[in-house]
Each structure stands twice: as C-alpha cells, then as structure tokens.
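The values are calculated or read from the model by the stated rules, or taken from the named source; none is laboratory data. Fair warning: this is a prediction, and the values are worked out from it, not measured in the lab. Neighbour counts are summed over all protein chains in view; Cβ atoms, including those assigned to glycine, are modelled from backbone coordinates with ideal geometry. Just the protein is used for accessible areas: all its heavy atoms, side chains included, with ligands, DNA and RNA removed. Shrake-Rupley method; radii C 1.70, N 1.55, O 1.52, S 1.80 Å.
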Protein chains: 2
Amino acid sequence: MCPLTIENAPLSRLCIHTITTKPWSIEEAASQYATAGVKGITVWRDALSGRDIGKTGRMLRDSGLSVVSLCRGGFFAFQDKVKREKALEDNRLAIEEAHQLGAPLIVLVCGADPAQSLEDSRKQIRDGISALIPEASAAGVKLAIEPLHPMYADTRSAINTLAQANDLAEELHSPQVGVAVDVYHLWWDPHLEKEIRRCGQNNHLFAFHVCDWKTPTLDMLNDRGLMGEGCIPLKKIRSWVEDAGFDGFIEVEIFSTEYWKKEQWEFMESIVAAYEKFV
Amino acid sequence: MCPLTIENAPLSRLCIHTITTKPWSIEEAASQYATAGVKGITVWRDALSGRDIGKTGRMLRDSGLSVVSLCRGGFFAFQDKVKREKALEDNRLAIEEAHQLGAPLIVLVCGADPAQSLEDSRKQIRDGISALIPEASAAGVKLAIEPLHPMYADTRSAINTLAQANDLAEELHSPQVGVAVDVYHLWWDPHLEKEIRRCGQNNHLFAFHVCDWKTPTLDMLNDRGLMGEGCIPLKKIRSWVEDAGFDGFIEVEIFSTEYWKKEQWEFMESIVAAYEKFV
C-alpha cells in the first residue's frame, strides 16, 4: 500500500486526550469535543479530581463520546520497595477509576528509576503489571504497555521500543495486557513496521496515539507538535497500524505549553483540521 | 565479569574533546590537558579556525598529546541534491584537515533531513560514506559512524542504534569504516551489550565516548552530565567495550552550557576525578 495515497482517517475515529486541551475542565472538553464532531475521549486522571467518577462517565456518554481509555497507570519501577507497593496501590485505584468511569483500557507509562539499572526497572515493571492482571480482569479493564521514547529512559519508562513492549506483552500472556503505539515515541525506530505487524498478530494492538515531532523541539516533555507540523510519517504509520488489524480510535495526545496558552477552541479546530489532512 | 568490581580506567587512556572545554583555545586546552596528565585530545574543527593545521598538530604532539580524532564529518542527508554535494565537499575537506592534523579518525554525525523519510536519509548516508572511502583511504584516515540518540533523528542522524551503525559498517565493508560508541546516545538500548560484542568482532569499534545522562536533562543538546552525575552504567558499558577488544582512548565529550560557564581548569580537574572514579 502506498502511504501517500491512503484515504484520510474518518472523523468518527478521532479521539482527543483531555490533557491535549488541559486548560479545559472535563465538562468543557466534553461539550466542545462533541460540538466539533469528535466521538472519543481519553481521560487523564487529573481531569477527574473532585468529581463523582461514575457520574462523569455518564456525562461523557450522554455527550455522545466514547470513553477510549484512562491515562495513566504505571510507574512501577523504584529501587525503594515501599514506593513500589504504593505504585501498585495507585494502579489498583486507577483500575477502580476506569471501572467507574466506564473506560475499557488504562495506558501504562511503566516507569524507571535512575538509581538502579534499566534491567532492574524492567523486572519491576513486569512484576507490577503481572500483579495487577487479576484485578484488571475482574474489573473488565485492559492494560496497555506504552513504550516511551528513549529520552525518557531515566525516569519515565525503561520500556523504550515497541519490540520491548511486544516481548513483555507476550511474556505476560494475558487477554488483559496489550500495547499502546504512540508515534511520538516510536517514529524513529527502524523496526517499527515489523513490530507493529507483530503487535497486531498477537492481538496486542490496543491503542494508537498521534501528534508530531517538531524541529526544533524546545522542551523534552511539553513541546509536541500538531499533526503535520513535524517529520513523523503519520499516514505511513497509520497504514501499518491498520494493516495490522487496528480499527479503533485514533487518539490525539499533545503536551504543549505553547498550545495550552492559546484559545482552546481555536486549537481544537486546528486539531480536527490537522487530523483530517495529515492523519 | 562483574561490572562493579572492574578496575578503574587508567589516566593514560583519558582523552578530552576540545568542545568539552569550549571556552579554551586549542593552545590553552593543549597546555592544560597536558599539565593535568591527560594523554589524548579529540579536536573539533571549530578549534582549528584560522590556524595552520599541520603546525597545530605538531604543537599537540609536542605537548605530549595523541590526536585521537577529528570531530566531525557527516551530515550527508539532504533532500536537496546541491546540499548533498556540498556535504561531500565538506567531508573531503575534513579528510584533508585530519590528514594535516595527524588525526587517524574522523567521527561522522551522519545527518537527517526532516523534509524526507528516514529511509531516504539512511540511503544518502550510505552513499555519502561510500563515496568518501577512496579519499579517506588515500589520506590514511578512518571514518567512524556514530549512532546518535533517537531524540536527534529529525535533523542530526537517521542512524540511531548501534545495530544500525553495525549494519551500515558491515554493508560498506571497508577497513576505513567503523563505528564510534557514545554512551550518551546508546545507554538505553536493550541490545547494547550484544551489539558492542558484534562491533568488536567485526573490528569496527573505532572509538568510545563517555559522559553522563542527567536527571532532569534541561536541554536536548547542551546539558550533558559529568561522569557519575547521571544514570549511565559507565563501568558496565566500559567492560563490554573492553571485552569486545577495545583498548584505545576513552574520550570525554560533554556539551554543557552549565560547565562552559565555569572556570575551565576547575571543570577539567572534575573531569579527571570523575574519570578516575566513575569510568
């Protein structure tokens, strides 16, 4: 398939992460997304603060939005055992929140501790996810391992390639556990096409996140680009993801100090336009 | 071999890159490095500006310093053909400079152009290096492909893992072409040990660069840490490099706005101390 000629993604598959429009409350986001014809929302946990979670889930569905996932669980890796236990508790809380909200999936940013080796962090990640499987299963909530860009290997995730995430999901071997593919983290990887195919064959391709990589990138965390602003081959990667059998929501997850400063409804119009043109 | 018990690296193998002490002229750097007992210098091309290169090389050797390499060639990847030709010219000039200086090696930062695919950039990199082999051979200068961290895949290098660099060096199959292993770029890679072994078996391990990855890293380019300040397992990686047969200079390459602001002789004392303790 020639990536330059694939059809545009339909608006019905667009999902926006609440953090993308961080200045909005979840109520404002729901109203604005729905008005713009967006059909999916991924909820960041901070957006639920102080709210009745079950009621918020109903409000989202009543607005015509599918709750795609809850962001985020994870951060399993700590040299300190007490911190690891606290992380597990927090993940159990996330599973409960996802259940109440009606979110079928939790995205896992797996964690890393610069005070220990990556190998130790990876073992703790595996043990942490493994410990959560029974509760996730009972709650009807799936868990998606999100490999993060290697520039986050010190503190955010010791899982930095799709191959590693695929290996881990295979090893854990549970219908509850799969992988989230985020173009920002993975676009550079020479094995991306092959590993997306493998992920799909394993039925582990649970989520697909998009944004863009800007040149220059001024901040390692909060300078993500709007689709089309950067160098990520979005249509090509989407074609790989779809060839691998994925037909779920395409989630726009942009952390951007610059965009958070703008009028959010203007930004959201740009998101919809960029999605229709570049994804 | 247990990495925690390996012997410290001897001072006789310490090399410093001129850019590490950027505020110093090359003449000051030579004098200060030699006084501190440093035996190797890697010369960045900007340090040669306005100088007689042959004479500068003799000055370095007369100071008791081995010229380890010239930094840097590369930047082969451009969508624009004219720019690719200019890049080749500049690399030919670098080979001539290395020859005059008496540097046996040029480090290649291979380049990337966000206006084109990584695959196109990689092809141009391969073609660029291939075109230089005859001249490098005639000048007695080797070329080291330096894989760069994936956070530089947009503009600096489309070669982002040691596996890719090894593949490329194997494909080019010339005694002139090998690889530079820099811990800053590669420490996160789950295949690093295996690929270092392969690099050594191929006789392609031409250079070894050290520094550290700080938490937090405040700038993607100029916030590298002094050895011991971060999370890179330096002794472990050195043990892999030495098990792979490398016994050359260990090169300290630190870009740091913070350190460039300090008294450079104090910084250099810290480098020597950190090298003796953490490498």
- Query: What does the average come to when, for each residue of peptide B:211-222, you count the partner chain Cβ atoms lying within 10 Å of its Cβ?
  - Reply: 3
- Message: Run the Debye formula on the Cα coordinates of segment B:155-279, all scatterers equal and no solvent, and tell me log10 I(q)/I(0) at q = 0.11 1/Å.
- Response: -0.39
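Only helical DSSP H runs with n ≥ 4 go in: add -39500 (n - 2.57) per run for chain A, normalise by residue count and round the 222 nm mean residue ellipticity to 500 deg cm²/dmol. Intermediate values should be presented prior to the final figure.
Numbers: 10 runs with 117 residues, N = 279.
-13000 deg cm²/dmol, from helical runs alone.
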- Query: In terms of Cα to Cα distance under 19 Å, which lysines are near enough to A:K39, apart from those fewer than 8 places away along the same chain?
  - Reply: A:K22, A:K55, A:K277
- Average partner coverage of A:187-193, which counts Cβ from other chains inside 10 Å: 5
- Top mean-square fluctuation among A:C231, A:C211, A:C110, Gaussian network model of chain A, C-alpha springs under 10 Å? A:C231
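Please report the buried accessible area for the interface of B with A, total over both chains, probe 1.4 Å, in Å² to the nearest 100.
On the way: alone 11950 and 11960 Å², together 21960 Å².
Summing both chains' loss of accessible area gives about 1900 Å².
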- Message: I'd like the accessible area for B:W44: 1.4 Å probe, protein heavy atoms, all chains in place, Å² to the nearest 10.
- Response: 20 Å²
- Between copies, how close do the A:G50 label points come, placed 7 Å along Cα→Cβ, listed in nm from shortest? 6.1
- Message: If Rh is defined by the Kirkwood formula over all Cα pairs and Rg also comes from Cα, what ratio Rg/Rh do you get for segment A:1-94?
- Response: 1.11
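Longest exposed-loop-site-free stretch of chain A, with GluC sites (Glu not before Pro), DSSP loop and at most 11 other Cβ within 10 Å? Intermediate results must be reported in sequence, preceding the final value.
On the way: sites that count: A:E7, A:E263.
The longest uninterrupted stretch comes out as A:8-262.
Counting only other chains, what is the mean number of Cβ atoms within 10 angstrom of the Cβ of each residue in peptide A:143-153? Please report the intermediate quantities before stating the final value.
Working: counts 0, 0, 0, 0, 0, 0, 5, 10, 8, 2, 6.
Mean inter-chain Cβ contacts per residue within 10 Å come to 3.
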- Message: Looking at chain A as a GNM with Cα springs under 10 Å, which of A:P114, A:P104, A:P233 has the largest mean-square fluctuation?
- Response: A:P114
- Taking the alpha-carbon centroid of each part, what is the distance from segment B:1-57 to segment B:92-165 in angstrom? 22 Å
- State log₁₀ I(q)/I(0) for the protein assembly as shown at q = 0.11 Å⁻¹ as given by the Debye formula over alpha-carbon point scatterers of equal weight, solvent excluded. -1.01
- Ranked by GNM mean-square fluctuation in chain B (Cα springs under 10 Å), the top entry among B:L205, B:L221, B:L168 is B:L221
- Query: A:D182's amide H: which non-local residues (gap 5+, or another chain) put their own amide H closer than 5 Å, with H modeled 1.01 Å from N in plane and none for Pro or chain starts?
  - Reply: A:H209
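Based on DSSP H assignment, which helices of chain A show an axial Cα extent of at least 18 Å together with a mean Kyte-Doolittle hydropathy greater than or equal to 1.0?
none
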- Determine by what factor the alpha-carbon radius of gyration of chain A differs from 2.2 N^0.38 Å, reporting the quotient. 0.94
- Message: Based on the alpha-carbon set only, what is the convex hull volume of segment A:114-165 divided per residue, in Å³?
- Response: 78 Å³
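Counting heavy atoms of the protein chains only and a 1.4 Å probe, report the per residue accessible area for segment A:34-112 as a whole number of Å².
Each residue of segment A:34-112 exposes 44 Å² on average to a 1.4 Å probe.
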- Put a point 7 Å out from Cα along the line to Cβ at B:S31; what are the distances to that point in the other copies, in nm, shortest first? 7.1
- Under 24 Å from A:K123, Cα to Cα: lysines that are on another chain or at least 8 residues apart: A:K81, A:K83, A:K86, A:K142, B:K194, B:K214, B:K235, B:K236
- Task: Positive end of the charge dipole of segment B:171-230 (Lys, Arg +1 and Asp, Glu -1 on Cβ, about the Cα centre): tell me which of B:L218, B:H204, B:G228 has its Cα farthest that way.
- Result: B:H204
- Taking a label point 7 Å from Cα toward Cβ, how far is A:G64 from its twins in the other copies, in nm, shortest first? 7.9
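Determine the per residue accessible area of segment A:157-279 with all protein chains present and a 1.4 angstrom probe, expressed in square angstrom. Don't skip to the answer; put the middle values down first.
Details: 4440 Å² over 123 residues.
Dividing the accessible area of segment A:157-279 by its residue count gives 36 Å².
In what sequence, largest accessible area first, do B:D189, B:D120 appear using a 1.4 Å probe?
Values: B:D189 15, B:D120 75 Å².
Descending order: B:D120, B:D189.
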- Query: Share of the protein assembly as shown's accessible area from carbon and sulfur, percent, 1.4 Å?
  - Reply: 50 percent
- Item | Volume in Å³ per residue [convex hull over Cα atoms, computed for segment B:11-170] | 122 Å³
